[in-house]
1. Is one or more of the residues making up the range 148-158 in contact with a Ser or Thr (Cβ under 6 Å, 6 or more places away or on another chain) and either open to solvent by 40 Å² or more (accessible area, probe 1.4 Å) or within 12 Å of Ala193 (Cα to Cα) (or both)?
2. Out of Val91, Val112, report the one residue that is at pLDDT 85 or above and assigned to a helix (DSSP H, G or I).
3. Any residue that is modelled with pLDDT under 85, of a type in the set (A, V, I, L, M, F, W, C) and either open to solvent by 20 Å² or more (accessible area, probe 1.4 Å) or assigned to a loop (DSSP other than H, G, I, E, B) (or both) - is there at least one of those in the range 39-54?
4. Within the range 180-230, how many residues turn out to be at pLDDT 60 or above and in contact with a helix residue (DSSP H, G or I) (Cβ under 6 Å, 6 or more places away or on another chain)?
5. Keeping to the range 310-336, report how many residues are in a loop (DSSP other than H, G, I, E, B), within 23 Å of Ala264 (Cα to Cα) and either modelled with pLDDT under 80 or not charged (D, E, K, R) (or both).
6. How many of the residues in the range 291-309 are within 26 Å of Leu265 (Cβ to Cβ) and either among the hydroxyl-bearing types (Ser, Thr, Tyr) or buried (at least 16 other Cβ atoms within 10 Å of the Cβ) (or both)?
7. So how many residues does the range 342-358 have that are open to solvent by 40 Å² or more (accessible area, probe 1.4 Å) and in a helix (DSSP H, G or I)?
8. So, of the residues in the range 65-88 that are small (Gly, Ala, Ser) and open to solvent by 20 Å² or more (accessible area, probe 1.4 Å), which turns out to be farthest from Ala39 (Cα to Cα)?
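The values are calculated or read from the model by the stated rules, or taken from the named source; none is laboratory data. Owing to the predicted nature of the structure, the values given are computational and were not obtained by experimental measurement. So basically every Cβ, Gly included, is an ideal-geometry build from the backbone, and we count neighbours across all protein chains shown. Accessible surface areas use protein heavy atoms only, side chains included; no ligands, DNA or RNA. Shrake-Rupley method; radii C 1.70, N 1.55, O 1.52, S 1.80 Å.
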Amino acid sequence: MSAAKLIVVLAVALMLLPGLAWAATPDSRRLEGRLPDNAPVVSIDQPRGTVLDALTAIAKQTGWSLVVTAPESATTRPLTIQVSKRPAGEVLDLVLEAGSLRASFADGVLRVRSDTTAASGDSWRERRRERRGRHGSERVVFGQSLTIGADETVNKAVAIGGSITIAGHVQREAVAVGGSVTLLPGARVEGDAVAIGGAVSVGEGASLEGDNVSLGGTIPTMVGSMIRGAVGNMHSMFGFASRATRTVLLYVIALLIAVAFPGALMRVREYLVNRPGLSALAGIAILLGFAPLLFMLAVTIIGIPLIPVAAMLLVALFLFGFTVSSGWLGDRMSVSQENKTPVKSVAQGGAILVVVGLLPWIGTAALVLAAAVSAGAALLSRFGRRVAIASAA
């Protein structure tokens with residue numbers, strides 16, 4: 001592969017990936033019912049406050065009536081939130097997630113209640129924490145935000161795909177990947193506070209004894225959004241518009257890869273045909289091993305800067321895998337077999353995968369599985385540099 005071609009394709013893919021990250025965001029995971037199409041945008045600047053304060057601000061700006069039946073322990077949770085001119089549904093989902101709440105909307109009335117599933121999980125975690133003791137334990141969460149209470153002392157706090165709010169004592173590092181780290185008044189962090197795709201905020205009266213490390217910008221924020229979509233609420237279904245946007249963007253990127261790397265594409269496809277079982281095992285290993293890899297990187301300061309790199313490499317690998325699967329499927333179509341090129345194969349097979357991706361429930365799973373198997377072949381063949389021996393040989 002030419003280095004110049006690789007740079008061009010990655011640059012174009014990075015331009016299109018924010019759309020993919022947006023398309024991978026669930027429409028409204030914690031809201032039942034449909035918000036009005038003319039719902040206004042919402043701005044909240046709340047450095048200190050509670051979940052109920054944020055819900056009240058949303059209701060005032062949208063003109064909705066607010067009815068809250070959730071317990072006080074959920075609505076009085078500390079919440080630091082700063083959003084500017086964002087869709088009301090998006091901001092509402094963030095606040096509901098922070099309070100482990102659910103809501104329904106009908107006839108201009110927003111009704112908020114506790115999430116019984118989350119409450120059960122929180123109760124179980126509280127009992128486990130009491131058994132282990134509040135001192136010296138590590139708190140690590142995936143796909144959600146983490147709050148360290150004022151009466152808690154933990155060894156380390158890590159949130160992958162979420163933010164961290166600290167009111168108590170963290171003996172070592174506090175690390176948020178795809179979120180922010182907020183130290184409330186009276187909080188103490190003895191180690192470093194690191195936010196990748198967010199910011200570190202130290203309130204008046206809080207103590208940060210280590211370094212303040214913030215890595216913001218478009219790419220880290222996008223990576224954080226993709227991590228949240230990958231490890232948080234995997235059961236959420238995407239709306240039709242989101243699925244359509246995502247699959248069309250995948251199709252365009254696949255065509256670009258086919259134009260830039262036709263030779264490598266054919267060699268990886270040949271490896272997939274000759275070693276389908278091994279390729280499938282490698283793809284499953286990639287899917288199952290990514291979250292543990294992020295955890296291992298997040299718990300060490302040396303590995304933290306490598307998290308965005310690992311996420312981008314996974315995205316690149318799966319994009320190439322989707323392209324290989326499209327080409328493989330296109331080769332097996334009986335349409336226009338004469339003078340078929342890798343680009344034509346990808347165009348025909350990718351069109352079929354686009355249609356499959358529009359199907360609810362199974363569409364997303366089918367695309368991920370197809371990309372994972374071919375990604376395994378790409379990884380094992382070193383992107384076509386290693387030729388597989390046919391099984392019949």
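1. no
2. Only one candidate qualifies: Val91.
3. The answer is yes; a qualifying residue exists.
4. 2
5. Here the count works out to 2.
6. 0
7. Residues flagged as open to solvent by 40 Å² or more (accessible area, probe 1.4 Å) and in a helix (DSSP H, G or I) within the range 342-358 amount to 7.
8. Residue satisfying both the conditions and the ranking: Ser73.
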